[in-house]
1. Have a look at Ala108, Ala57 and point out the one that is assigned to a strand (DSSP E or B) and at pLDDT 90 or above.
2. Name the single residue that is modelled with the lowest pLDDT among those in segment 348-390 being under 25 Å from the mean Cα position of the chain (by Cα) and among the acidic types (Asp, Glu).
3. Surrounded by 15 or more Cβ atoms within 10 Å (Cβ to Cβ), of a type in the set (S, T, N, Q) and in contact with an Asp or Glu (Cβ under 9 Å, 6 or more places away or on another chain) - does that describe any residue in segment 319-331?
4. Out of all the residues in segment 360-369, is one or more surrounded by 17 or more Cβ atoms within 10 Å (Cβ to Cβ), outside any helix (DSSP H, G or I) and in the same structural domain as Tyr264 (by TED's automatic domain parsing)?
5. Output the residues belonging to segment 282-319 that are within 35 Å of the chain's Cα centre (by Cα), of a type in the set (A, V, I, L, M) and either within 20 Å of Lys271 (Cα to Cα) or not in a helix (DSSP H, G or I) (or both).
6. Val141: in contact with a helix residue (DSSP H, G or I) (Cβ under 7 Å, 6 or more places away or on another chain), buried (at least 18 other Cβ atoms within 10 Å of the Cβ) and of a type in the set (A, V, I, L, M, F, W, C), yes or no?
7. Inside segment 430-457, can you point out the residues that are more than 13 Å from Val415 (Cα to Cα) and in contact (Cβ under 8 Å) with a residue 40 or more places away in the chain?
8. Do we find that Glu362 is among the charged types (D, E, K, R), without any contact (Cβ under 8 Å) to a residue 40 or more places away in the chain and closer than 30 Å to Ser267 by Cβ in this structure?
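The values are calculated or read from the model by the stated rules, or taken from the named source; none is laboratory data. Every value quoted in this text rests on a predicted model; they were computed, and no experiment measured them. Methodologically, a virtual Cβ is constructed for each residue, glycine included, from the backbone with ideal geometry; neighbour enumeration extends over all protein chains shown.
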Amino acid sequence: MFDKIHFSTAQCYDNCPHQFYLRYVLGLETLPDCDPQNPLILGTALHRGVETDLETAIDEYYNSYPVITDLHIEEAMKLEHWIPKLKELFPEGLHELSFSNPYYMGTADLLVSVDDKTYDLYDFKYSNNIEHYLESEQLHVYKHYLEWIKGIHIRKMYFVFIPKVRIRQGQKERQFDFRKRIMQELEKVYIKILEVPFDQTKVDDFHHTCMKIATDRSFKRNNTKLCDWCEFKDYCKKGQDYMILPSTERRSSQEITKKKIFIYGQSFSGKTTVCDDAPNPLNLNTDGNIEFVTMPYIHIGDKVTTEGRVTKKMFGWEILKEAIKELQKKDNEFQTIIIDLIEDAYEMCRLYMYDKLGIEHESDDAFRAWDKVRTEFFSTMREFFNLPYDNLIVISKEDMSRDITKKSGSKITQVKPSLQDKIAGKLAGMVDIVVRTTVSDDGSYTMNFKTDEFVFGGGRLKGVRATTIPTSWESLMQVYEDAKNPVAEVKEETPRRRTKKDEPIQVEIVEETPVEPEVDEPEPEPVQTEEPEEKPVRRRRVRRS
């Protein structure tokens, strides 16, 4: 089932054995949660800020989302308020210390040295649910295994509670005033550090849970009010396929041959043209713009036929689904399948579901329609991305019509696909990489992988050093080749920010502190190649003034 147990797995079993079964035994995964208040993403950013610096924490928070909205900006403002205060309280210590043996593994947020072999244990909680955590077994289990594995003594244990401030913006309240009110509310609350006396019975309860996990064969459901927040809710109760079932066998990136790509850009920026050079492509085309490419295509659109006096209509969405079912047979020589454009496909899905539900808009049946439309769309998209072909691509036009407000009050134009944020975000979670195509004033075409709080993007490919490449299929495939390079080689060429996987290697060496500056003070990354050309221009302007 799995080699080692840690506190969170045992806690999951106590909450619901069936949830434990789906998550850890079957290994089911859900689509990433793009909620700006995602507790896992916020907690990770908070820890990173205490361990490193504020800029690193905010950057990591933004990079966890494919699309940044005003809500994300406001959550980042809260992190900017709390992280400096936490760094004042805990200027030194061992952060994210991992400890494991053949049976157990865990990670302690912070150990503060008392003497050579004695430490105080701290765990950070970005939560208002203080009573729940004070009753938790977590710190007691950490103390037990830290002393056993590391051979140290834990003198005292503390929970550090960072309060969450959640207020709503008034209907007529300006964005600037609302954010000012957030900062005022933050000044009214304080960080609480509460000591937790050690209780051996808590450790015994944890071991009892481990015994039940080892002997359980039924993993029954535990229906509680917490089911509404479970990621497996629909799969568990309704039997609907919301999950992604990956292989349990570990694979290296060199063995992964299927490429899943999300391309978006302005009109005439080369989105479809670059796919025309892909091996044996098939375009599932919705907008009819295929005059200047040579690839074969299937027109995806409503089809009306007349038999005598009877008129029959076949929705474009039905044609797309039939094409995907035919492609599942793999009775062809195609290697690359493209949906062009994906926003048209989503609109076709909506119209198809309107007809099926007998409504004119989702608001006509607000309790069911929104969910049914998205369920139908994403179920079909999962079938598409599971097709047995080398390259699976979705294309979208670019939307620059929306602005977001920075905390300073200034407006910044967002660059994103012509899709709803939630739809675009979930599609981004299904692909390897998001590519933006652009064309400059001088007529040069490029593909960009840069992403920040204003530009939609992201990806799961590691080792990619280029942020801009020429618009060609060969250049795009080279990005995948770069991602196959061993991690060690990438580290030697371009130092990168530490991730959770790196930290256990560093913090295991408790006394060899000189290792940390090699990570915290990397040589400047040779990425920004434009600055040396711009600096002389700025100096000449200063002399003229």
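1. Details: Ala57 fails: assigned to a strand (DSSP E or B).
Of Ala108, Ala57, the one residue that is assigned to a strand (DSSP E or B) and at pLDDT 90 or above is Ala108.
2. The residue in question is Asp371.
3. no
4. First, the residues of segment 360-369 that are surrounded by 17 or more Cβ atoms within 10 Å (Cβ to Cβ): 362, 369.
Right, trim to outside any helix (DSSP H, G or I) and you get none.
No, that holds for no residue.
5. Matches in segment 282-319: Leu282, Leu284, Ile290, Val293, Met295, Ile298, Ile300.
6. Numbers: in contact with a helix residue (DSSP H, G or I) (Cβ under 7 Å, 6 or more places away or on another chain): yes; buried (at least 18 other Cβ atoms within 10 Å of the Cβ): yes; of a type in the set (A, V, I, L, M, F, W, C): yes.
It is true that Val141 is in contact with a helix residue (DSSP H, G or I) (Cβ under 7 Å, 6 or more places away or on another chain), buried (at least 18 other Cβ atoms within 10 Å of the Cβ) and of a type in the set (A, V, I, L, M, F, W, C).
7. Met430, Val431, Asp432, Ile433, Val439, Tyr445, Met447
8. Yes: the conditions hold for Glu362.
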